[in-house]
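The values are calculated or read from the model by the stated rules, or taken from the named source; none is laboratory data. All values derive from a computational prediction rather than experimental measurement. Positions of Cβ are generated from backbone atoms using ideal geometry, with glycine treated the same way; all protein chains shown enter the neighbour counts. In case anyone asks, the SASA skips ligands and DNA or RNA and just uses the protein heavy atoms, side chains included. Shrake-Rupley method; radii C 1.70, N 1.55, O 1.52, S 1.80 Å.
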Amino acid sequence: MTTILLTALNAKYIHTNPAVHALARCAGGDAAGVRVLEMTINNRYEDIIAAIYRENAAMIGFSVYIWNAALMQDVIRDIRCLKPDAVLFAGGPEAANDPETYLTWCDFVMLGEGETNFRRLAGDFIAGRPLPLETLSGIALPGRLMPPDARSAADMDTLPFLYEDPALFGSRILYYESSRGCPFRCSYCLSSLDKTMRYKALPSVLRELDIFLEKKVPQVKFVDRTFNADPRRSLAIWQYLAEHDNGVTNFHFEIGADRLTEAELSLLTRCRPGLIQLEIGIQSTHPQTLEAIRRACDNNRLFTNVARLRKAGNINLHTDLIAGLPYEDAAAFRKSFNEVYPLKAHQLQLGFLKVLKGTEMHKKAAEYGLVYSKRPPYEVYSTAWLSYDEMIRLHHISDAVEVFGNTQLYRHTLDYLEEFFVSPYDLFDTLACLLEEAGLIGAGVSPRRSAALLASLAEFTGTKGMTARPDPHYLQEYIRLDLRLHTHQSRKMSAVDSFDLPQGQLRLTFDYHRIDPVTGEAAVHNDSKKQGS
C-alpha cells in the first residue's frame, strides 16, 4: 500500500531524479509505504494524472524544476481537485524559490535540502502523529516562511546510497552526489546560494563507486557543482577510477578547468579513452562580464589546460558559453565564441541566460535591462546590450552549432571550411543562414540533409564573413570522409575508400569494430603508401 508518493517528471526517459529516490530511502522506502513515481514531461497529461491518482496515497510530494514547472503546476492543481483530503507538498528549486505560488495548492513547501525534514515528517505521518511543521526550519507554510538553517542541512555521510541495485534503473543515466555547495558565487546560478562546501567521506565515495564499476553501468554523472574544488580529493577519486576502470563505465564531472593541478592533468591525460567526461563552464571571456557575474576565473590558465586535455584525445570535453550576460554585446559575444571555439571541445554548448528566482541576477534584472520570459525556464529575450533581434540570431547560430558541430559528424569538414571564413563565428553564422533558407531552424536534421547543406557552401554568397568559396570537389571529399568515419553499410564492419584531398590522395581502411569512445569515429588505417609502392 502506498502511504506517501513522491512524484517526478523528468525531461527524458533516460534521466533519473535522485532527489525523490533519496527522500524515499530516508523515509524507509517501499517497506514503509513510501513510493517513487517517475514519468517524463512527454507522457500524456491524462496518463500522468491517472498514475498519481491510482496510487491512492494520503501524502503526495512533487519535485519541481525549471523543465517541468509549468506542467507540474497543472498537475498539482488537478490532483488537489481529485484528492482534496490528501496532504500535498512541493520541493525542488522552482518550488523553494517561489513557495507562494505552490502554497496555492500545497499544504507546505520544502525549502532547500529535504532529507532531514522529510525523514521526520514521513515518520510522524506514517505513525499517524500530527506533522511538526511549525517546529522545523526549511519549510514554507501559508503566511509563514521558515528559511533553511543548520538544523535542516543533511550530514552527507548519513545520506543513503541510491543505487545498491543499479539494474533497477535500467540503462538510464545515474546521477551521483559526493559534495554539496560551490566555491563560486556566480550571480545567475542557484548554487551560489549555498555558501558552504560539504563532502561525503572519501571512503564512502570509493565504496559506492565500486558498485557502479562492478555492475558496469553505462554512465554516471556527478552532480557536484565544481567537482575539483578540493584538488586532493578530486585527484584521489580520479586515481581510483583509473586504477579500477572496468573498460565500460563513463564518469561525467563538472569542473573548473583553471583549477586543475599538474598532478590532475597528468593523470587525466593518461586515462582510458572514454573513462572521463568533463564539462567546463567558461560562459564568457569578456572581463567586465566576468566581474559583473562574480565569476573569478583565470581564462589563460583555463585555455592552456583545456588545450592540453584536448591534445591528449582521451577525454570527451564539453565547454559552455552563455549569451545574454551583463555587459556582453553582440561584438563581445562574437569575441568570446571565437576564443572558445578553437579549443575544439567535442561539445560547445551555446546556452542563454535564465533569470532564476532567488539569484542575484534576478534581483538586478531591472539594472541590467533584462527582458525575459515569465514562464520557465525564464530565458532572456533582450538585455541593455543585446536586442531581441540579435538574440534571435544567436539562437539560430546555436542551432547551427548543434547540427554541424556538436553532432561531431563533420570534424574534418569544419576544419577545412574555417580557412574560408574570417572567424569560426562567421562560419556558423553562415551555416545558420543555410538552416534558415531550408526552413530547418529548430528542426531535426538528418545527416543526409546536413551533408547536402554543407556541400552547398561552395555556391553560397550570402555572407560578408566568407573570404573565398571552398573548392566544391574538396568540400565534397571532406564530407564523404567524415560520413565514412561515422557510418557503415548494414552488416559491413569494415570499408575501404579513397579520397582526393588538398594534401593528396588517401586510401583508407575503416574498422567499425573499433569505434573511438570519445569522437565516435571508426579506427582508420592509412593504406596510401601501399597504394603508391
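A few notes on this one:
- Magnitude of the charge dipole, segment 337-460, Cβ model with Lys/Arg +1 and Asp/Glu -1, debye to 20: 720 debye
- Surface composition of the chain: carbon and sulfur make up 52 percent of the accessible area, probe 1.4 Å.
- Tail beyond 17 Å, pair distance distribution of segment 73-132 (Cα, percent): 43 percent
- Here VAL496 and HIS412 are evaluated by their C-beta separation; at R0 = 25 Å the FRET efficiency comes out at 0.90.
- Computed [θ] at 222 nm, deg cm²/dmol, the chain (DSSP H ≥ 4; -39,500 (n - 2.57); rounded to nearest 500): -10000 deg cm²/dmol
- Percent of C-alpha pairs per 10 Å bin, segment 405-456, short to long: 23, 61, 15
- Net lengthening on full extension, PHE169/ASP230 (0.36 nm per residue, minus Cα-Cα): 18.9 nm
- Coordinate range of the alpha-carbon atoms in the chain per principal axis, descending: 86, 52, 47 Å.
- Extension gain, THR487 back to ALA365 (0.36 nm per residue minus Cα-Cα distance, nm): 39.2 nm
- Less than 5 angstrom separates the built amide H of ASN250 from those of GLN219, VAL220, all sequence-distant by 5 or more or on a different chain.
- Inter-probe distance in nm under a simple model that places probes 7 Å from Cα toward Cβ, at ILE14 and ASP85: 4.4 nm
- Cα-based shape type of segment 308-352, given that a ≥ b ≥ c are square roots of the gyration tensor eigenvalues and the cut on a/c is 1.5: prolate
- Label-zone membership for segment 143-161, site LYS357, 7 angstrom Cα→C-beta point, backbone N under 18 Å: 143-148
- Fully extending the segment from THR40 to LEU141 would add 33.5 nm, taking 0.36 nm per residue of separation and subtracting the current Cα-Cα distance.
- Per DSSP, loop trypsin sites (Lys or Arg not before Pro) in segment 1-72 with at most 12 further Cβ within 10 Å: LYS12, ARG44
- If you sort the three axes of the alpha carbon gyration tensor as a ≥ b ≥ c, you get a/c of 1.5 or more for segment 339-409 and a/b above b/c, which makes it prolate.
- Of the trypsin sites (Lys or Arg not before Pro) found in segment 347-455, the ones in coil according to DSSP and having at most 12 other Cβ atoms within 10 Å of their Cβ are LYS374.
- Centre separation in Å (Cα based) which lies between segment 254-322 and segment 69-107: 39 Å
- Taking a ≥ b ≥ c as the square roots of the eigenvalues of the alpha-carbon gyration tensor, segment 1-87 is classed oblate because a/c is 1.5 or more while a/b is no larger than b/c.
- In this rough spin-label picture, where each label sits 7 Å from Cα along the Cβ direction, the THR519-VAL223 distance is 3.5 nm.
- This model, with +1 at the C-beta of Lys and Arg and -1 at the C-beta of Asp and Glu, gives segment 36-116 a dipole about its Cα centre of some 220 debye.
- Among residues other than VAL445 with Cβ under 10 Å from its Cβ, the summed charge is 0 (Lys and Arg +1, Asp and Glu -1).
- The distance from the alpha carbon centre of segment 337-352 to that of segment 407-482 is 17 Å, rounded to a whole number.
- Pairs over the 28 Å Cα-Cα cut-off, from the set LYS335/LYS364; LYS221/LYS311; LYS12/LYS216; LYS215/LYS354; LYS83/LYS354: LYS215/LYS354; LYS83/LYS354.
- Principal axis dimensions, segment 320-451 - Cα atoms, whole angstrom, descending: 45, 28, 24
- Isolated Cys in the chain, by beta carbon distance under 4.7 Å: CYS26, CYS81, CYS106, CYS182, CYS271, CYS297, CYS433
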